1. Suppose we keep only residues that are open to solvent by less than 80 Å² (accessible area, probe 1.4 Å), without any contact (Cβ under 8 Å) to a residue 40 or more places away in the chain and part of a loop (DSSP other than H, G, I, E, B) within the stretch 178-213. Which one would you say is nearest to Ala168 (Cα to Cα)?
2. For the stretch 110-156, give me each residue that is farther than 27 Å from Thr59 by Cβ, over 22 Å from the mean Cα position of the chain (by Cα), modelled with pLDDT of 95 or more and in a loop (DSSP other than H, G, I, E, B).
3. For the stretch 238-254, state whether one or more residues are open to solvent by less than 20 Å² (accessible area, probe 1.4 Å) and assigned to a loop (DSSP other than H, G, I, E, B).
4. Ile169 - would you say it is at pLDDT below 95 and open to solvent by less than 30 Å² (accessible area, probe 1.4 Å)?
5. Among the residues of the stretch 70-93, are any in contact with a strand residue (DSSP E or B) (Cβ under 9 Å, 6 or more places away or on another chain), under 25 Å from Ala220 (Cα atoms) and surrounded by fewer than 15 Cβ atoms within 10 Å (Cβ to Cβ)?
6. What is the number of the single condition among (1) within 24 Å of Leu269 (Cα to Cα); (2) modelled with pLDDT of 90 or more; (3) of a type in the set (Ser, Thr, Tyr) that Tyr66 does not meet?
7. Could you look through the stretch 236-257, keep only residues that are in contact with a Phe, Trp or Tyr (Cβ under 8 Å, 6 or more places away or on another chain) and of a type in the set (A, V, I, L, M, F, W, C), and pick out the one that is farthest from Tyr170 (Cα to Cα)?
8. Residue pairs, Cβ under 9 Å, 6 or more apart or interchain, first in the stretch 23-36 and of a type outside the set (Lys, Arg), second surrounded by fewer than 16 Cβ atoms within 10 Å (Cβ to Cβ) and modelled with pLDDT of 85 or more. List them.
Amino acid sequence: MRHTRFGAVRRRLETFDPGTGWRLWLYEFLLFGFKQAWACLFGALLLALLLGTHLFYPTDAPLHRYDFLTLAAIAIQLALLAFRLETPREASVILIFHVVGTVMELFKTAAGSWVYPEASLLHIGAVPLFSGFMYAAVGSYIARVWRIFDFRFSHYPPQWVTWLLAAAIYVNFFAHHWTVDIRYLLFAATALLFWRTHVHFRNWQVHRWMPLLLGFGLVALFIWFAENIATFANAWHYPGQEDGWEMVSPAKLGSWYLLMLISFVLVALVQPVREPEPSQS
């Protein structure tokens with residue numbers, strides 16, 4: 001059992017009796033926000049570091065800002081493990097995210113999709129190593145929210161089919177530079193596979209549910225918000241942002257939506273895909 005401060009706070013919140021009516025709905029809304037914020041701890045800390053170092057990091061510091069971000073991200077990851085806020089199995093998936101993300105970064109920067117404008121020592125090619133942690137932040141969030149909300153799934157498709165879909169999405173991120181972009185076909189395949197799937201999550205005392213496709217979309221939207229903050233913080237530049245920051249195109253929402261599928265399938269390798277209890281259906 002994890003004897004963490006968060007665990008104690010969560011137990012107090014979940015044993016509190018807010019009553020009924022609007023007080024109950026307000027309480028569940030606030031509890032939902034608290035748990036969501038706790039689930040995205042790694043990503044929130046990394047985003048705060050990006051913004052804080054953009055505003056306050058000394059330009060004459062002996063350590064490059066990107067290298068500082070890499071070392072800080074490693075320290076955060078180790079702290080999450082040391083304080084048992086993340087399990088070793090979850091950390092292993094996050095490491096996979098880091099590798100998968102870095103490989104894609106190497107390709108995309110070489111293709112000119114985006115660029116990292118600052119110097120660094122800790123890099124591979126044109127990609128500073130902190131960039132992989134931005135993908136890891138997505139994996140960390142999904143793994144933690146899955147556990148914190150005790151996810152259950154109804155009408156979940158066969159897992160081997162989801163693996164094939166995730167592989168096709170990943171390949172298309174590369175292949176569309178040379179051949180036909182099949183992202184619309186991938187969107188259709190995603191809708192076909194998951195249109196009946198509901199995710200059941202326990203916010204307080206009972207499991208509630210939402211369509212899983214809606215959940216993917218909401219997470220993709222918040223990643224897009226975070227991406228706008230990160231590009232404002234000069235973490236990387238898209239074409240057109242070289243002479244001054246401008247909002248990231250909403251078209252990137254589609255890319256993040258597809259990335260959600262890859263992320264979700266990877267996390268499903270270590271988190272159980274369980275069906276709801278009969279009373280939860």
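1. This residue is Ile182.
2. His155, the sole residue that qualifies.
3. yes
4. Values: at pLDDT below 95: no; open to solvent by less than 30 Å² (accessible area, probe 1.4 Å): yes.
So Ile169 does not fit the description; no.
5. Of the residues in the stretch 70-93, the ones in contact with a strand residue (DSSP E or B) (Cβ under 9 Å, 6 or more places away or on another chain) are 70.
Adding the requirement that they be under 25 Å from Ala220 (Cα atoms) leaves 70.
Filter once more, keeping what is surrounded by fewer than 15 Cβ atoms within 10 Å (Cβ to Cβ): none.
No; the residues of the stretch 70-93 include none that is in contact with a strand residue (DSSP E or B) (Cβ under 9 Å, 6 or more places away or on another chain), under 25 Å from Ala220 (Cα atoms) and surrounded by fewer than 15 Cβ atoms within 10 Å (Cβ to Cβ).
6. (1)
7. Here the residue is Trp245.
8. Glu28/Arg208
The values are calculated or read from the model by the stated rules, or taken from the named source; none is laboratory data. This is a predicted model, so every value here is computed, not measured. As a convention, Cβ positions derive from the backbone with ideal geometry for all residues, glycine included, and neighbour counts pool all protein chains shown. To get the accessible areas, we keep the full protein, side chains included, count just its heavy atoms, and leave off ligands, DNA and RNA. Shrake-Rupley method; radii C 1.70, N 1.55, O 1.52, S 1.80 Å.
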